[in-house]
1. Within the range 43-58, can you find the residues that are loosely packed, with under 10 Cβ neighbours inside 10 Å and assigned to a loop (DSSP other than H, G, I, E, B)?
2. Filter the range 1-28 down to the residues that are within 7 Å of the ligand (Cβ to nearest atom) and not in a loop (DSSP other than H, G, I, E, B), then identify the one that is nearest to Val57 (Cα to Cα).
3. I'm checking my understanding of the structure. Among residues of the range 29-42 that are part of a loop (DSSP other than H, G, I, E, B) and more than 15 Å from the ligand (Cβ to nearest atom), which one is surrounded by the most Cβ atoms within 10 Å (Cβ to Cβ)?
Amino acid sequence: MLACKKCMFLTDQDKCPLCGGDLSKEWQGMLVILDWETSKVAEHMGIRANGKYALKVR
Ligand SMILES: [Zn+2]
């Protein structure tokens, strides 16, 4: 799985499906957002879609 360098979204596609940003193999930690509208973590990180996110992307 690859992580978006811009929004940290984890995907197995060629480009980030959320923002179209570049992807990186160099990422650490995983955060799963099930309901971004009620998640404090999502709000804090500026996440506006459900899915898996990396905590660190290089
Ligand atoms: Zn992205």
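1. Quick first cut of the range 43-58, residues loosely packed, with under 10 Cβ neighbours inside 10 Å only: 44, 46.
Selection gives Gly46 alone.
2. Within the range 1-28, the match that is nearest to Val57 (Cα to Cα) is Cys4.
3. If we filter the range 29-42 for residues that are part of a loop (DSSP other than H, G, I, E, B), which is where we start, we get 34-39.
Then drop every residue that is not more than 15 Å from the ligand (Cβ to nearest atom), which leaves 34-35, 37-39.
Values: Leu34: 9, Asp35: 8, Glu37: 9, Thr38: 8, Ser39: 16.
For the range 29-42, the residue satisfying everything is Ser39.
No value in this document is a laboratory result; all are computed from the given coordinates. Every value quoted in this text rests on a predicted model; they were computed, and no experiment measured them. All Cβ positions, even for glycine, are placed from backbone atoms using ideal geometry, and neighbour counts span all protein chains on display.
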